[in-house]
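Data first, discussion second: the structure below is written as structure tokens.
The values are calculated or read from the model by the stated rules, or taken from the named source; none is laboratory data. These figures come from a predicted structure and were not determined experimentally. Cβ sites come from the backbone with ideal geometry, for glycine too, and all protein chains shown count toward neighbours.
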Amino acid sequence: MVGPSSRMRKHRYSLWNPMTDVSIHLPPLSLKPHQKILNCILSSPPGSRDSMLILFETKTPSFIFCRIGDDEKWKKQQIDDYFRKFYIDVMDSVICNGRLILIATCCRELVAFDIMPDHLALIGEVEGNHVYYESRYSFNMEDKTTSVSSPYSNLRESLYQDTAFYIMPDPDNRVSNYVDRHIKDNLNDGSKEIKPEIGEIVNDTVNDQEEDGAGDQFSPPIQSLEVSLSPWLTFWENGDSTGNFFDPIRSEKYFMNIPKNQFEYVELYYSGEGWCVMLQEEQSIFLWNPFAQKTIPLPNIPHDRSIVSGCGFSTSPDSSDCVIALLSDLVTECYIDFISLKDEEWRSFYLFDRQESELEMDFDRNMAFYNGDFYFLGTAGKLVAVRMKEEFCWESLDKPECPTDSFHQNYLLNCDGKLLSIFVASFGKWVRIFSLDDSEMAWVEVENLGNHTLYVSHLSSFSTCATPGMENRVYFPHYHGQSAVYYSLDSRKFHCQGSEHVLKDLSVTREQLLCGWVEPKF
């Protein structure tokens, strides 16, 4: 679709096929100066009986749509009051089985409208079992990793960062040309057979114990392994009771089971101090030490706090003084819940309404405990303090200001009594680390971590005293082939664990999603 320029007085939209250079011009659309088109979607290809172009208008809010065919005129359908809170934060849309389906970032909920013709759109000629994004990421549905690539490396960033899209070319002769080309390539390089692509990230170590009746135990038994004591990366399939654990030192992956007769259908929400915060169904929550095989049950969280977007510990759950904090979202409202291991119920406090607050906060936001308070970073790099020393209060701090003009990801953690923030550029083009100066309330750039190693992910970030040879590093939840990826403050570059391979950025790596780091503590 080709839309109107902001300099034009009349708003005219056209459908353009870049492969055939055929255009379909739609009727003029009158918009008031305050009206803005947020996004659009085409229900089915022009020529289909129910082909329709839908525009998302933000000010009203409303749908503006035009059927492609004989009766081409624009119509408007306003959104009812209930859905407006979803509509203003729509992240993406899709047409599936005759329905318009929207997803909102504020609540991670899908909303469907039965206003579309019967059509299912598919993307072809891409690697199977992946979901592809226009922002140059692909999601592997088998191992739950995101691959980062930059297919437009010969273009300036400003030319494509907001306007990139996929084109489905004419399918004729694509398969035969592809096969012919690959046969010739293999003959030219002397190969006798097609070389298999690398399909595994790490080596799997699985000990099948079903025959001896030990299927509900850890697989393999973690105590029988010679494990490294550096933090491991862990992630869980949605609703599964089997966790995946990756040892970055040995580049090995293990499967560990929570006994099925105790807990089923669990999700990982946070990890630190050797413990994992696990949610079962919607309300049941517990702590689990996967290496010591210990669990600590907690009171059910409030029903309307079931969307947990952040978590933190004041100290190790091995101490009865440990306070656990949960950031949670109820559609547009944000809350924080506290519980001490001595308490019998959660204490809940209202934070803010997303629609009214200027604070931008995304999901999977880990918190850091520093000087008796919890802290987290907003999406724009703004520091937020949650104070509990006397009476509860929270504050979006004017200082420190965000230390960088732009970034892609940020992390917050406590390192040896100092509050550190980490900012990462798109594709990992640069990594910058800052320490909070309490007297000036300003971020001061850190050039050396000393005898410390940092481990970061959106579910957990912390520091450890470095294992010899691992000083001054930041480990990210990324893989390159079978190896873990870390950033060295000595070389200012990314490296692969256990090899001499150096990476200029993260564009050739895979990121593990919804994961956390956990220290082996027995």
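Scanning for something of a type in the set (D, E, K, R), in a loop (DSSP other than H, G, I, E, B) and in the same structural domain as P403 (by TED's automatic domain parsing), does segment 501-510 turn up at least one residue?
Checking segment 501-510: at least one residue is of a type in the set (D, E, K, R), in a loop (DSSP other than H, G, I, E, B) and in the same structural domain as P403 (by TED's automatic domain parsing).
Looking at G381, G498, which one is surrounded by 19 or more Cβ atoms within 10 Å (Cβ to Cβ) and either assigned to a loop (DSSP other than H, G, I, E, B) or outside the structural domain of L513 (by TED's automatic domain parsing) (or both)?
G381
Conditions first: (1) modelled with pLDDT of 80 or more; (2) surrounded by fewer than 17 Cβ atoms within 10 Å (Cβ to Cβ). K32 passes all but one, so which condition is the exception?
Here K32 clears every test but (1).
Please list, ordered by first then second residue, the pairs with beta carbon atoms under 6 Å, 6 or more apart or interchain, first in segment 474-502 and free of Cβ contacts under 8 Å to residues at least 60 places away in the same chain and closer than 20 Å to V518 by Cα, second of a type in the set (S, T, N, Q) and part of a loop (DSSP other than H, G, I, E, B).
Taking only residues 6 or more apart or on different chains, the pairs are H478/T509; V485/T509.
Just to be sure I understand, how many residues within segment 457-473 are touching a Phe, Trp or Tyr at 6+ places or on another chain (Cβ under 6 Å) and without any contact (Cβ under 8 Å) to a residue 60 or more places away in the chain?
Qualifying residue count for the region: 1.
Evaluate segment 416-431: report whether one residue or more is more than 27 Å from the chain's Cα centre (by Cα) and assigned by TED's automatic domain parsing to the domain that holds T234.
Checked segment 416-431: at least one residue is more than 27 Å from the chain's Cα centre (by Cα) and assigned by TED's automatic domain parsing to the domain that holds T234.
Are any residues in segment 55-105 at pLDDT 70 or above and not in a strand (DSSP E or B), and if so, which ones?
I68, G69, E72, K73
Having 3 or more residues that are under 16 Å from F313 (Cα atoms), aromatic (F, W, Y) and at pLDDT 85 or above is the bar; report the strands (runs of 3 or more DSSP E) wholly within segment 234-301 that clear it.
Where strands (runs of 3 or more DSSP E) fall fully within segment 234-301, none carries at least 3 residues being under 16 Å from F313 (Cα atoms), aromatic (F, W, Y) and at pLDDT 85 or above.
Would you tally the residues in segment 503-522 being in contact with a Cys (Cβ under 8 Å, 6 or more places away or on another chain) and of a type in the set (V, I, T)?
Of segment 503-522, the ones in contact with a Cys (Cβ under 8 Å, 6 or more places away or on another chain) are 503, 516, 518.
So of that shortlist, the ones also of a type in the set (V, I, T) come out as 518.
The total comes to 1.
Restricting to segment 393-439, give me the number of residues that are assigned to a loop (DSSP other than H, G, I, E, B), touching a Ser or Thr at 6+ places or on another chain (Cβ under 8 Å) and at positive phi.
Residues that pass the stated criteria total 1.
Within the group S507, S499, S460, which residue is farther than 23 Å from G310 by Cα, at pLDDT below 95 and within 19 Å of the chain's Cα centre (by Cα)?
S507
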